[in-house]
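Reading through the structure tokens given below for one structure.
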Amino acid sequence: MRYYTYFPGCSSSDGGAKAYNWSALAVARALDVELIELEDWNCCGSTPYTSVDELASFCTSARNLALAEKRGLDLVTPCSACYVILSRTNASLKEHPELRAKVDEALAAGGLEYHGAVRVRHLLDVFANDIGYDEIASRVTRDLRELKVAPYYGCQVVRPGPSFDHPEFPQSLDRLVESLGAEATLFPLKARCCGGSLIIPEEDLALELIHKLLDSASSNGAECIVTVCPLCQTNLDLYQGRVNRKFRSKFNIPILFFTQLMGVAFGIEDKVLGLEKCIVSAEKTLAKYGGR
Amino acid sequence: MEKKAQGSTFVEEVCATPGGEGLRLCIQCGTCSASCPNAKRMDHAPRELIALVRAGMREEVLSSNSMWFCASCYLCTVRCPRDIKPTELMHALECLAVRQGLSTARTLTPIMYRSFSDFVYSIGSVPEVSFMTWFYLLTKNPLRALKMMPLALSLLRHGRLSVKARRLKPESERQLRAILDKAESLGGLS
């Protein structure tokens, strides 16, 4: 059994991406990984807080790091935004002594201290590198051969780094998909931006980026896309209809969390994985392979 | 606020913020602008924005829409041959624009960021429905909210719309607030 401190993040814990949290926990259990939720964690602040008040945003994520440090385990999150924000705080505190002094002072006002010892990890990193592809392959019970999957990394899981994978041409998710028995398709835009939270204030801009991604995946034969980020999933899934309307396209590509695909391959029940929460239904696509 | 009219102080101010320190190293190669997925919508693409900062053009820079179109994809950051971290620079400029009351009204991004941050500050979590409602209230444009209704219904049908907010324990909420109030009293980064 391996133990980690777990930071689900707002969207996965109580927001629209609950299926990510559910499937992550179910798959982790199947792999003898225990994800112990960090008690009373707060929102990492994400890009918005960073863009409004930098010091406050560093303090917001430093509280989480301080709480995690007491536990002495790696801090794992399934969310790319949480991952980049928490890692960035770690790096900035090391690089900027003046910032560090201010953050220390603020933390002290809450009776906390942080010494910089927490290692922040993305769940993909843990599965790919701590558990490993062979171990993952050994748990597969359902035959997903020939299912064509576009592995979508997005931005913040590999950038700015230093990260566990290449910042522009990552491979870990490709290999993970292959270890499940499915086929990772070519996907030239696999580490390009979906527009992130700009979908809310600048929808047209984001729809254009999403369109390019869906086009890149589908023109390479993908039957579904797997993501490692709640925001990427929402943008590609919820807004797929709007992309179709705007660009007169006919995409109908299910967008799964990578943990959902892992769960499918491991034979975990659809309900536990929250598959019914996909807005573009994955049912028909998955039914074609290794049906039960 | 103290008056900072001279060009040089603006450069110093930006250089003093984490992410801004590399500003003087820029060789104006334009790799950042060429890598940016949103450069074409910006008043000034990243390379140009850096040139303007170095020229001390505070108003021009801080009231532009450029940094608000940064999606934090960090492509410029990993490609910059001078290790400047333009993404961090964009965040630094956004914070300066907010603090100096210069953030533009030509994009809704500042309002969206503000409504998100309000929740982080007040309850330490961001319940999506309340956050979106707050955002549309702050934009003072109910029509925009109407346009979102089909998406909200679609989320609801798929069990992805929860009204319930995750709340921290009261003592944790107080702790976070104490930390953030202290941060506020320390007066930002620069």
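Quick note: the coordinates plus some simple rules give every number you see, no bench work behind them. Owing to the predicted nature of the structure, the values given are computational and were not obtained by experimental measurement. Cβ coordinates were reconstructed from backbone atoms using ideal geometry, including for glycine residues, and neighbour counts include every protein chain displayed.
Key figures for this structure:
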| item | result |
| --- | --- |
| Whole-number percent relative contact order across chain B, with pairs defined as alpha carbons under 8 Å at least 6 apart | 19 |
| Projected area averaged over orientations for region A:48-189, convex hull of C-alpha atoms, nm² | 9.9 |
| Quarter of the Cα convex hull surface for chain A, i.e. its orientation-mean projected area (nm²) | 14.3 |
| Distance in nm between pseudo-label sites at residue A:30 and residue A:2 (7 Å out along the Cβ direction from Cα) | 1.7 |
| Positive dipole terminus of chain A, leading residue within A:272, A:27, A:162 (C-beta point charges) | A:272 |
| Spatial separation of Cα centroids for region B:144-190 and region A:267-292, in angstrom | 31 |
| Cut-off under 5 Å, modelled amide H: who pairs with residue A:257 long-range | A:227 |
| Exercise: per-residue mean of other protein chain Cβ atoms within 10 Å, B:111-119 | 6 |
| Distance from region A:1-54 to region A:140-214 (C-alpha centre basis), Å | 19 |
| Computed over chain A: relative contact order in percent, which uses C-alpha pairs under 8 Å that are six or more apart | 20 |
| Distance (nanometres) between label positions extended 7 Å along Cα→Cβ at residue B:27 and residue A:246 | 3.7 |
| P(r) tail fraction, chain B - alpha-carbon pairs more than 30 Å apart, % | 32 |
| Extension reserve of the residue B:82-residue B:122 stretch, reckoned as 0.36 nm per residue once the Cα distance is removed | 10.5 nm |
| Dmax and Rg, reported as Rg then Dmax, of region A:2-123 (C-alpha, Å) | 14.2, 45 |
| Cubic angstrom per residue, convex hull over Cα atoms of region A:149-292 | 103 |
| Gyration tensor (alpha-carbon) shape descriptor, region A:112-162, a/c threshold 1.5 | oblate |
| At most 13 other Cβ within 10 Å, DSSP loop - GluC sites (Glu not before Pro), region A:1-80 | A:39 |
| Residue B:65 long-range amide H proximity, modeled H, under 5 Å | B:43, B:44 |
| Residue-by-residue Karplus 3J(HN,Hα) for region B:71-80, coefficients 6.51, -1.76, 1.60, Hz, glycine and proline x | 8, 6, 8, 6, 5, 4, 5, 6, 9, 4 |
| Estimated vicinal HN-Hα couplings, Hz - region B:166-182 in sequence order (Karplus 6.51, -1.76, 1.60; Gly, Pro = x) | 6, 10, 6, 4, x, 5, 6, 4, 5, 4, 4, 5, 4, 5, 6, 5, 5 |
| Number of partner chain Cβ atoms within 10 Å, mean per residue of A:201-209 | 5 |
| Dipole moment magnitude, nearest 20 debye, the protein assembly as shown about Cα centre, only Lys, Arg, Asp, Glu C-beta charged | 1180 |
| Table column - 3J(HN,Hα) (Hz), region A:211-224, Karplus curve with 6.51, -1.76, 1.60, x for Gly and Pro | 4, 4, 5, 4, 5, 4, 5, 6, 6, 9, x, 5, 9, 7 |
| 9 Å beta-carbon shell around residue A:160, net charge (K/R +1, D/E -1) | +2 |
| Average beta carbon contacts from partner chains per residue of A:192-200, 10 Å cutoff | 6 |
| Mean shadow area of region B:46-114 over all directions, Cα convex hull, nm² | 4.5 |
| Per-pair calculated FRET efficiency, R0 = 25 Å: residue A:270 and residue B:156 via Cβ, rounded to 0.05 | 0.80 |
| Calculated diffusion of region B:109-185, Stokes-Einstein form, Kirkwood radius summed over Cα pairs, 20 °C and 1.002 mPa s, µm²/s | 154 |
